[in-house]
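Student: The structure is given below, and queries will be raised subsequently.
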């Protein structure tokens, strides 16, 4: 087999699937500077506008002053620094679980957790639209993988009836490309009826949904019925890293068996210190409530019929080239909204994935609506259906 990748590169370019990195020459925020041009940013997952928060920047500096720049080694080799332990205690309290464990990223959380708990003879049942990290981790586990159509409870129940070994249902509270919610009440009822466990990825819900932004499980009063609550520090919390909140027994097992934890240098302690401040002082305080209020007000302005159920509002284009062309037109108008294409979404379902934040102004939202209308994507152009 040839090691010349150019034919494959040319093929991807021909299919309008090639991607290139854009250089952002500013901090993350509602307005960013790209290629020397200021643009209103509707592509960020910084839902509460904390990435450039003065409080978090000060907390990060404090973390560097107190604990240094790096962690030295993995936590099992070099010991656990205080901010990592404090953050995990805060996460467990925040998510109402016995314990929590932090990882270097959300991807690493999935890759460590699922293979540590599942193996040959077990069954993992995934929603078809689960994030790539959940799919990759399930494949790595060696367990039998079954997939049900997106949010299809009937198919999920049929798969539960024939599953063998330990059975784990894996889904997301908010799906990252469609912005819709999983039917969590019904899924919990099914998993309890069939003796399965549930892993719920709350990456796009934490900070945005539920009391104090604790997520969909908290909003529905189901925190105690979800065995594995996965999340990230890189979206509404404005930093980086991932976590798994669960029972003390599960967390102790992961400390010993989750390879992405055992064999990775711990994240910088300053990040953990800043995340602790973000969760305890912002998300669970008045500032968090204020930011969530602004976010939902912006979302109602962006789309009122029906109201969005998350901070993610996709406009489905379909054709990859057309999506690229519309994204380019919006960029010329000073709006940063990249086209999302295969393999991130299915072929023929290319889209503009608009994300709102608490930091956007009413004028910026109205400007977005005006430019969308110019390219034929007014509110009648219907975002993705759940």
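The values are calculated or read from the model by the stated rules, or taken from the named source; none is laboratory data. If you're wondering where the values come from, they're calculated on a predicted model, not measured in any experiment. Because the Cβ atoms are built from the backbone with ideal geometry, glycine has one as well, and the counts that use them run over all protein chains shown.
Student: Only one of these conditions is not met by residue 49: (1) touching a helix residue (DSSP H, G or I) at 6+ places or on another chain (Cβ under 7 Å); (2) closer than 25 Å to residue 333 by Cβ; (3) outside any loop (DSSP other than H, G, I, E, B). Which number is it?
Tutor: All conditions pass for residue 49, except number (3).
A quick yes/no check of all residues on (1) modelled with pLDDT of 90 or more; (2) surrounded by 15 or more Cβ atoms within 10 Å (Cβ to Cβ); (3) in contact with a helix residue (DSSP H, G or I) (Cβ under 6 Å, 6 or more places away or on another chain):
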residue	(1), (2), (3)
10	yes, no, no
15	no, no, no
22	no, no, no
25	no, no, no
53	yes, yes, no
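Student: Here is a further query. Tell me, yes or no, whether the range 262-279 has at least one residue that is assigned to a loop (DSSP other than H, G, I, E, B), over 30 Å from residue 16 (Cα atoms) and under 18 Å from the mean Cα position of the chain (by Cα).
Tutor: No; the residues of the range 262-279 include none that is assigned to a loop (DSSP other than H, G, I, E, B), over 30 Å from residue 16 (Cα atoms) and under 18 Å from the mean Cα position of the chain (by Cα).
Student: While we're on this one: Among what's in the range 189-199 and is closer than 23 Å to residue 309 by Cα and in contact with a strand residue (DSSP E or B) (Cβ under 6 Å, 6 or more places away or on another chain), pick the residue that is surrounded by the most Cβ atoms within 10 Å (Cβ to Cβ).
Tutor: Filtering the range 189-199 for residues that are closer than 23 Å to residue 309 by Cα and in contact with a strand residue (DSSP E or B) (Cβ under 6 Å, 6 or more places away or on another chain), the one surrounded by the most Cβ atoms within 10 Å (Cβ to Cβ) comes out as 199.
Student: Moving to a separate point now. If a residue must be touching a strand residue (DSSP E or B) at 6+ places or on another chain (Cβ under 6 Å) and either in a helix (DSSP H, G or I) or under 11 Å from residue 47 (Cα atoms) (or both), how many such residues does the range 218-228 contain?
Tutor: Number satisfying all stated conditions: 0.
Here is a yes/no grid of residues against (1) part of a loop (DSSP other than H, G, I, E, B); (2) buried (at least 20 other Cβ atoms within 10 Å of the Cβ); (3) touching a strand residue (DSSP E or B) at 6+ places or on another chain (Cβ under 8 Å):
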site	(1), (2), (3)
154	no, no, no
187	no, yes, yes
206	yes, yes, yes
230	no, yes, yes
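Student: To continue, here is another question. What residue, of 69, 92, is surrounded by fewer than 19 Cβ atoms within 10 Å (Cβ to Cβ) and within 20 Å of residue 239 (Cβ to Cβ)?
Tutor: Going through 69, 92 in turn, the sole match is 69.
Student: Here's something else I'd like to know. How many residues does the range 232-261 hold that are under 23 Å from residue 174 (Cβ atoms) and in a loop (DSSP other than H, G, I, E, B)?
Tutor: 9
Student: Can you give me the ranges of the helices (runs of 4 or more DSSP H) entirely in the range 82-141 with at least 3 residues that are within 17 Å of the chain's Cα centre (by Cα) and within 22 Å of residue 343 (Cβ to Cβ)?
Tutor: Ranges flagged: 106-117, 132-141.
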